[in-house]
Amino acid sequence: VRSLKRYPVEIVEASDGREAIEILKTQQFAAIFSDMEMPHVSGMELLAEVNSEGRAEPPPVVIISSRGEDEFTGPARELGAVDYLIKPLADETLDAALAAIPSLQKLTANVQTIQ
C-alpha cells in the first residue's frame, strides 16, 4: 500500500483475504494488488476467486510476495496473475508492473519517487 500511495489512485485496503473477497463482491476495481500470504484466504485463493467470478473481464491481479520460488510464481501465473512482484519492491519494479497494465499505464507519467 505504501508503494502505491505515490500514484494518483484511490486505494482500498483489506485486512485479510476474506475481507478482500467481500469487498470485491460490492465494488469494481481497475486492478488488484494482493499479498501472497494473508490470513484466512491466501493470495492464490483470492486470485482463483477473482478469475472464477464469471466476469467478462476480471480485473488484472498482481501478486506481491517475499516468496519468489517457481513453486509460487508458476501457479500464480497459471491462475491468471498478470505479474508477480518480489518484496521488497523497488519503485521501478512497481512502475513497470503498472505500465504493463493498459488501464493503469497513465499512472506512471509524472510520478515522483518517494524520498
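Among DSSP beta bridges whose residues both lie in the chain, state the antiparallel percentage, nearest 5.
0 percent
Accessible area per residue for the chain in Å², computed with a 1.4 Å probe and the full protein assembly in place, what is it?
Ligands and nucleic acids excluded, the result is 62 Å² per residue.
Picking from THR73, THR26, THR93, which is most flexible by a Gaussian network model of the chain using Cα springs under 10 Å?
THR26
Kindly provide the helix-only [θ] at 222 nm of the chain, computed as the sum of -39,500 (n - 2.57) over DSSP H runs of four or more divided by all residues, to the nearest 500 deg cm²/dmol? Each step should come with its number before you reach the end.
Working: 4 runs with 38 residues, N = 115.
Computed ellipticity for the chain at 222 nm equals -9500 deg cm²/dmol.
Rounded to a whole number, what % of the accessible area of the chain do carbon and sulfur atoms account for, probe 1.4 Å?
48 percent
Round to the nearest 10 and give me the degree value, 0 to 90, for the angle of helix 17-26's Cα axis relative to the longest principal axis of the chain.
90 degrees
Restricting things to Cα coordinates, could you compute the convex hull volume per residue of the chain in Å³? Before the final figure, lay out the partial values.
Details: hull volume 12.0 nm³, N = 115.
Dividing the Cα hull volume of the chain by its residues yields 105 Å³.
Kindly express, to the nearest 10 degrees and within the range 0 to 90, the angle between helix 43-52's C-alpha long axis and the longest C-alpha principal axis of the chain.
In the chain, helix 43-52 runs at an angle near 70 degrees to the longest axis.
Build a GNM of the chain with springs between Cα atoms under 10 Å: which of VAL12, VAL62, VAL41 gets the top mean-square fluctuation?
Looking only at VAL12, VAL62, VAL41, the largest GNM fluctuation is found for VAL12.
Taking H as built 1.01 Å from N, whose amide H comes closer than 5 Å to the amide H of PHE33, not counting residues under 5 places away?
Those lying under 5 Å, H to H, from PHE33 are VAL62.
The values are calculated or read from the model by the stated rules, or taken from the named source; none is laboratory data. Small disclaimer: the values here were computed from a predicted structure and weren't measured. Please note that ligands, DNA and RNA were not included when accessible areas were found on the heavy atoms of the full protein model with its side chains. Shrake-Rupley method; radii C 1.70, N 1.55, O 1.52, S 1.80 Å.
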